[in-house]
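Encoded as structure tokens, the structure appears first; notes follow it.
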Amino acid sequence: MIKQAKQVLKQTFGYDEFRPLQGDVISDVLNKKDTLVIMPTGGGKSLCYQIPAILFDGLTIVISPLISLMKDQVEQLDEFGVPALFLNSTLTPERYAANVQKLKNGEAKLLYLAPETLMMKSTRELLDQLNVDCFTIDEAHCISEWGHDFRPEYRQLAEVRKDFPTAVCLALTATATPRVREDIRTTLEMNKTETYVASFDRKNLLLQVVDKQEPLEQILDFLYTRPKQSGIIYCFSRRQVNELYSDLKHEGHSVLPYHAGLSEAQRTRNQEAFIRDNAQIIVATIAFGMGINKPDVRFVIHHDMPQNIESYYQQIGRAGRDGLQADCMLLYSYSDKQKIQYFINQKEGEEKKIAEQHLAALLNFMEYDDCRRKPLLKYFGEEYQHDECGMCDNCLKYKDNMQDYTEQAQKYMSCIARTDETFGAYYIADILRGSKQKKILENDHDKLSTYGIGQEWTKNQWIQLSRLLLRKDLLKKDPDHGSLKLTSASSAVLKGDERVEGILDRTQATSDEDKPSRTSSDVENLHNVDLFEKLRVKRKELADEQEIPPYAIFPDTTLMEMSFYFPQDDESLMAIYGVGSVKMKKYGDDFLPIIKEFVQNNEVKERTKAIKKKVEKTTEKKKYELVGEEFNQGKSVEHLAEQFGVKEVTILSNLKKYLDDGNKIDPDGILEASSLSQRKIDEVYESMDKVGADILKPVYEDLDKTVDYGELRVLQLAYLAENRSS
Ligand code: ADP
Ligand code: ZN
């Protein structure tokens, strides 16, 4: 069964791997086991019922509270070639009747319904005649008064569910404190239920809480660095929405308002404009967002304090569903806090108590001075497993703020220039540190004026600097050879006209470890932006023709992969993220010629996207040797994981084998795969000196279990590589 599910995943949706828990959930549903799924927004809940729906003979009913969401889902499914439809009050009587007929003919796999529609006598009679295999309740938290979006109609779902005794029941939600979870289970009378709770850590969201001083200025600064990006700005009141909307419009931004004071038609129009990329920014009250499935929302700003952690989490959750980085900025002032307190004081009894608890949790989050993921995840009953995430303001600030690195940048860049831009970060660092390694002497690089002028820093610091310079576009990296090159912006720094400031040791928090489907950072950082733009334009054109949102055609991730791998034929296009067989047929001829033409006119060539089968053909032994060799040629662990289509831990264990065979590997290259701070790394090394590095348990104990095994495995390898080579 699960094998078929995987085929559907690739064939229909164009994805290679399940996201965490998807496989387990789908397998349970296919086995008709009632299931409750708690997964953050963007976690991939939809596939949990869409894939079984495709495989079941009968119909899958999906209860969804929002009409706009249904339309969006059906449009997206349509693009994937999956027959789905909805019944609700927005349909004309003719369309309604046509849909009913299709259902009777068994022409649909999925039926989306609002709870009100489901409760209607006519609907129940209709469903009575159909073979229903799965009864799905989306946004299941609406059942609970403890959730943030209680809907009384949801209470009656348990009753209706009895109409389909042979259907499996699947309830899904993104927001569930343990209390809400329990409510869902009891209300739906789910007794022997499997419950799956995914991690609520959305690694790709950068969290920031900022002192609100001059909010308009602060927001304008923020937007300035994000041209062409889609985002949502939440305000407390309609008045505030209108004000900020006209201010931003006045400043020339592509922006629209959204709040309950606008007419229904206006709201729908504005929402559509946002979804279809006709407007980039929506300024809104909390009324906006529930029905938004847009995967490429790149930022969420809270102009005012959110009501509580759950709604905050729900709102920021609308950013970065595609797994690419997205920025969340919350502006916080004391007077906002007083405003909320004032509203709470109007309430009474239990309601007031709940509101006060909510406020306290929120304040704790906003005033927290350590990693923000700790209080945030704790609220959802999850313990954050790391010291720092590197993706929140506190973790970034902790690295002693910005510093001036102009002098070192000049040394580093002139060394690159003097070696003809043909070497990678490690080699440049070695020259600066005056290394006597063979390759340097052979190349006569010990005669360079930059040789040995960087003794003040460790090699690791130089490597970190190279990353900072890459982030700032002061350097670029040849994606094939890893050699560093200067950019048009470099000369201003070399001449001393421009300074370089930044944070050196920015911990890499967006590791792909348990997110196999997140696009690798190479694709995210190194795709060709010119081609990406061209593809975007094509996508918009196609979307407008069909009156559907651009992302229903392809998400950004797909376009990024196209502009990174430059696929030249149908076969390699099929390997691209999000390209299934139906979309291939439908859009291959629209996108391939653009890519081909681009490749002909530019100095780029196709890269093969690793397809697993190729790797599986080589035997295990050959593979780890291959991995070791390629690693020593300068490829990163991350890069290799992508190339071989495996997880990073697998690459690490391959390298360990390679090392154990008596080969050498570069310890610094291994350290790149660690997300620990230098301070922590030194601590682990000390411990390994003390208790040995061959077995990890003693190290784990010695460090009071503060460093997890995943990290220890990385450091073990680096440690062994270092010690065995010396
Ligand atoms: P949720 O409903 O949990 O918020 P969605 O079901 O809308 O999340 O999924 C978010 C995005 O992730 C969608 O664009 C979806 O196509 C994509 N996605 C889901 N599962 C996978 C997967 N296994 N591999 C790649 N992309 C996926
Ligand atoms: Zn953090």
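Considering region 401-428 alone, what residues qualify as being open to solvent by less than 10 Å² (accessible area, probe 1.4 Å) and small (G, A, S)?
A409
When region 370-382 is filtered for residues that are assigned to a loop (DSSP other than H, G, I, E, B), away from ligand 2 (no atom under 11 Å from the Cβ) and over 20 Å from the mean Cα position of the chain (by Cα), only G381 remains.
Applying the condition of being more than 18 Å from L377 (Cα to Cα) and among the hydrophobic types (A, V, I, L, M, F, W, C) to region 170-197 and asking which residue is surrounded by the fewest Cβ atoms within 10 Å (Cβ to Cβ) yields M190. Across region 668-721, the qualifying residues are those that are touching a Pro at 6+ places or on another chain (Cβ under 9 Å) and crowded, with 18+ Cβ neighbours inside 10 Å, and the one among them that is farthest from V649 (Cα to Cα) is S687. From the set of residues in region 23-42 that are closer than 20 Å to R321 by Cα and out of contact with any Cys (no Cβ under 7 Å at 6 or more places or on another chain), which is nearest to ligand 2 (Cβ to nearest atom)? This residue is P40.
Taking first residues from region 37-62 that are without any contact (Cβ under 8 Å) to a residue 40 or more places away in the chain and partners that are more than 6 Å from ligand 1 (Cβ to nearest atom) and β-branched (V, I, T), the Cβ contacts under 8 Å between residues at least 6 apart in sequence or on separate chains come to L47/I26. Contact map, region 361-377: first residue closer than 14 Å to R202 by Cβ, second residue of a type in the set (V, I, T) and more than 10 Å from ligand 2 (Cβ to nearest atom), Cβ cut-off under 9 Å, separation 6 or more or different chains; pairs are R372/V209; L376/I309. Here are some conditions: (1) modelled with pLDDT under 95; (2) open to solvent by less than 50 Å² (accessible area, probe 1.4 Å). T619 meets all but one. Which one does it not meet? Failing condition for T619: (2).
Could you pull out every one of the helices (runs of 4 or more DSSP H) wholly within region 418-476 that has 3 or more residues that are among the charged types (D, E, K, R) and modelled with pLDDT under 90? Explain how you work it out, then say what you get.
Working: elements: 425-432, 438-442, 459-471.
Passing ranges, in order: 459-471.
Considering K657, K680, the condition of being in contact (Cβ under 8 Å) with a residue 24 or more places away in the chain and within 28 Å of N525 (Cβ to Cβ) is satisfied by K680 alone.
Scanning region 383-398 for residues that are surrounded by fewer than 18 Cβ atoms within 10 Å (Cβ to Cβ) and either in contact (Cβ under 8 Å) with a residue 40 or more places away in the chain or in a loop (DSSP other than H, G, I, E, B) (or both) gives E383, Q385, D393.
Within region 447-491, being open to solvent by 50 Å² or more (accessible area, probe 1.4 Å) and acidic (D, E) holds for E456, D473, D480. When you scan region 284-291, do you find a residue that is in the same structural domain as T225 (by TED's automatic domain parsing) and open to solvent by 60 Å² or more (accessible area, probe 1.4 Å), even just one? Yes, the conditions are met somewhere in region 284-291. Checked against the criterion of being closer than 26 Å to E367 by Cα, touching a Phe, Trp or Tyr at 6+ places or on another chain (Cβ under 7 Å) and touching a residue at least 40 places away in the same chain (Cβ under 8 Å), region 257-276 has no qualifying residue. The strands (runs of 3 or more DSSP E) located wholly in region 93-198 that include 2 or more residues which are without any contact (Cβ under 8 Å) to a residue 60 or more places away in the chain occupy 110-113. Out of region 198-223, which residues are crowded, with 18+ Cβ neighbours inside 10 Å and away from ligand 2 (no atom under 16 Å from the Cβ)? Correct list: A198, K212, P215, I219, F222, L223. If you filter region 628-648 down to residues that are small (G, A, S) and surrounded by 18 or more Cβ atoms within 10 Å (Cβ to Cβ), you find that the one that is nearest to L715 (Cα to Cα) is S636. State whether one or more residues within region 392-405 are over 29 Å from L207 (Cβ atoms), at pLDDT 85 or above and away from ligand 2 (no atom under 16 Å from the Cβ). Within region 392-405, none of the residues are over 29 Å from L207 (Cβ atoms), at pLDDT 85 or above and away from ligand 2 (no atom under 16 Å from the Cβ). Residues that are farther than 19 Å from S674 by Cα and under 27 Å from the mean Cα position of the chain (by Cα) within region 644-664 comprise F644, G645, listed in sequence order. Residues in region 230-238: is at least one touching a residue at least 12 places away in the same chain (Cβ under 8 Å) and within 16 Å of ligand 2 (Cβ to nearest atom)? No, that holds for no residue.
When Q341, Q314, Q325 are screened for being more than 16 Å from ligand 1 (Cβ to nearest atom) and open to solvent by 10 Å² or more (accessible area, probe 1.4 Å), only Q341 passes.
Residues in region 119-127: is at least one closer than 13 Å to A167 by Cβ and either among the small types (G, A, S) or crowded, with 16+ Cβ neighbours inside 10 Å (or both)?
Yes; the residues of region 119-127 include at least one that is closer than 13 Å to A167 by Cβ and either among the small types (G, A, S) or crowded, with 16+ Cβ neighbours inside 10 Å (or both).
Screening the candidates R226, R276 for the property of being of a type outside the set (D, E), crowded, with 17+ Cβ neighbours inside 10 Å and closer than 26 Å to P40 by Cα yields one hit, R276.
Table: residues versus (1) part of a loop (DSSP other than H, G, I, E, B); (2) near ligand 1 (Cβ under 10 Å from one of its atoms).
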{"residue": "A5", "(1), (2)": "no, no"}
{"residue": "Q11", "(1), (2)": "no, no"}
{"residue": "P20", "(1), (2)": "yes, yes"}
{"residue": "D28", "(1), (2)": "no, no"}
{"residue": "K33", "(1), (2)": "yes, no"}
{"residue": "T41", "(1), (2)": "yes, yes"}
{"residue": "L47", "(1), (2)": "no, yes"}
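Of all residues in region 229-264, those that are basic (K, R) and crowded, with 16+ Cβ neighbours inside 10 Å total 1. The condition of being open to solvent by 10 Å² or more (accessible area, probe 1.4 Å), outside any helix (DSSP H, G or I) and away from ligand 1 (no atom under 13 Å from the Cβ) holds for only one of D78, D57, D16, that being D57. Residues considered: K45, K10. Of these, the only one that is of a type in the set (K, R), away from ligand 2 (no atom under 16 Å from the Cβ) and crowded, with 18+ Cβ neighbours inside 10 Å is K45. Among residues belonging to region 529-562 that are of a type in the set (S, T, N, Q) and either open to solvent by 50 Å² or more (accessible area, probe 1.4 Å) or touching an Asp or Glu at 6+ places or on another chain (Cβ under 8 Å) (or both), point out the one that is farthest from F18 (Cα to Cα). Here the answer is Q546. Name the single residue that is nearest to ligand 1 (Cβ to nearest atom) among those in region 195-215 being within 17 Å of K337 (Cα to Cα) and of a type in the set (A, V, I, L, M). Looking at the filtered set, the residue picked out is V209.
The values are calculated or read from the model by the stated rules, or taken from the named source; none is laboratory data. All values derive from a computational prediction rather than experimental measurement. Every residue, glycine among them, receives a Cβ derived from its backbone with ideal geometry; neighbour counts consider all protein chains shown. The accessibility values were calculated without ligands, DNA or RNA, using every heavy atom of the protein model including side chains. Shrake-Rupley method; radii C 1.70, N 1.55, O 1.52, S 1.80 Å.
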